[in-house]
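Inspection log for the structure reproduced underneath, given as structure tokens.
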Amino acid sequence: GLDVERLKGLMLHAKYRRYALPVIENSKLVRPRDLGLPWLLALARRADETLHNFAHRYLLQHLGPSDFAEDGYVEAGTARLFALATADKEPEPVRLFAQTYLRCHHPGISAEQPEVKSLHLKPQLKRASYTAERIWPALFDARADVRRFAVAITRAELRRWGYQGRVYELADSDAKEVRNIASDALLKAGDANAEPAHTLKVEELDAAQVFAMTQSRKRSTREIGLELIRRHYVRLGGVTRLPWLMESPDREVRMFAVRLLWERHRPRQLPPGWKPSGKAVAPAPSNEPTE
């Protein structure tokens with residue numbers, strides 16, 4: 001029979017790797033369990049691009065979620081995959097593998113993953129495995145790859161978690177991709193073409209939270225708040241909150257409030273074409289806020 005340990009050793013030497021790789025990749029000659037998860041993860045942790053790319057591809061193609069658990073249970077294997085995807089001590093190549101694996105096995109977004117098509121994968125996990133407790137904290141992670149993974153899952157699961165009311169927490173993030181969750185969820189409220197999984201309904205908009213956004217340290221977040229007030233003025237009770245906006249420390253917010261007061265509440269008996277004196281004109285917030 002094949003000397004699997006010798007083949008594994010040859011894989012570590014660039015000179016002999018081209019001979020060992022086709023044999024190891026042939027699952028009819030070498031079974032995945034003969035290679036072992038520890039060895040494959042060790043390859044995934046290596047800086048050598050050929051080695052960690054091979055490990056990523058092999059793990060995706062040949063191992064199910066239960067194979068990542070010592071006890072062989074799917075839930076234990078899933079927990080380990082989430083740990084690999086977000087752990088502080090895991091190197092980026094391992095995190096990227098686990099993140100890709102979890103995206104490919106998500107029943108909602110798997111079809112969007114290029115690896116699913118190229119490797120003919122079928123999702124093996126249920127949505128229930130993708131809990132808010134596992135994903136939400138990762139939105140605030142300092143590492144960009146962890147945040148991007150969390151964003152992809154959050155967009156698919158926000159409403160199922162019942163977290164649509166917590167998008168305001170994301171609006172002040174330093175990461176644009178995280179702020180965009182809040183931007184889309186709020187600015188697309190009432191849009192019939194918006195994805196309901198991560199979009200609020202107009203009646204779900206929270207007036208206090210929206211007005212609080214106008215005091216954000218982020219200009220883009222302030223602009224979202226102002227745009228929502230302009231669009232849903234009556235629904236958000238703007239008439240009772242305009243004085244509060246006029247006392248904002250932010251000049252643009254005060255200008256917006258004055259303009260809105262004039263547009264919504266100016267006397268209708270004034271002569272045609274009359275306008276208040278002064279040159280202050282409030283900016284019109286964009287639908288795609290930027291810093």
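Here are some notes:
- In terms of packing, defined here as the mean over residues of other Cβ atoms within 10 angstrom, the peptides 200-211, 96-107 line up highest first as 96-107, 200-211.
- Within straight-line cross-link reach of Lys117, lysines at Cα separation under 30 Å, skipping those fewer than 8 residues along the same chain: Lys8, Lys28, Lys126, Lys176
- Per atom type, the range 106-197 shows carbon and sulfur on 51% of its accessible surface, probed at 1.4 Å.
- In plain terms, the bigger the Kirkwood radius, the slower the diffusion; for the chain, with that radius from Cα pairs, at 25 °C and 0.890 mPa s, Stokes-Einstein puts D at 109 µm²/s.
- Net charge dipole size for the chain [Lys, Arg +1 and Asp, Glu -1 on Cβ; Debye, nearest 20]: 760
- What a 1.4 Å probe finds exposed on the range 17-91 is 49% carbon and sulfur by accessible area, rounded to a whole percent.
- Modelled FRET efficiency - R0 25 Å, Lys89 with Thr50, Cβ distances, 0.05 increments: 0.55
- The solvent-accessible area of Met213, taken with every protein chain present and a 1.4 Å probe, is close to 10 Å².
- For the chain, relative contact order (Cα pairs under 8 Å, six or more residues apart, normalised by length) works out to 9 percent.
- With contacts taken as Cα pairs under 8 Å at a separation of at least 6 residues, the range 85-182 carries a relative contact order of 19 percent.
- For the chain, with +1 on Lys and Arg beta carbons and -1 on Asp and Glu, the positive-most of Pro65, Leu139, Tyr168 along the dipole: Tyr168
- Using alpha carbons only: equivalent-ellipsoid semi-axes of the range 61-178, gyration tensor based, whole Å: 23, 16, 14
- Per residue accessible area of the chain, 1.4 Å probe, in Å²: 54
The values are calculated or read from the model by the stated rules, or taken from the named source; none is laboratory data. Note that the coordinates shown come from a computational prediction; the quantities given were computed from them, not determined experimentally. When we count neighbours, we look across all protein chains shown, and the Cβ atoms used for this are built from the backbone with ideal geometry, even at glycine. Note: accessible area is taken over every heavy atom of the protein model, side chains too, but ligands, DNA and RNA are not part of it. Shrake-Rupley method; radii C 1.70, N 1.55, O 1.52, S 1.80 Å.
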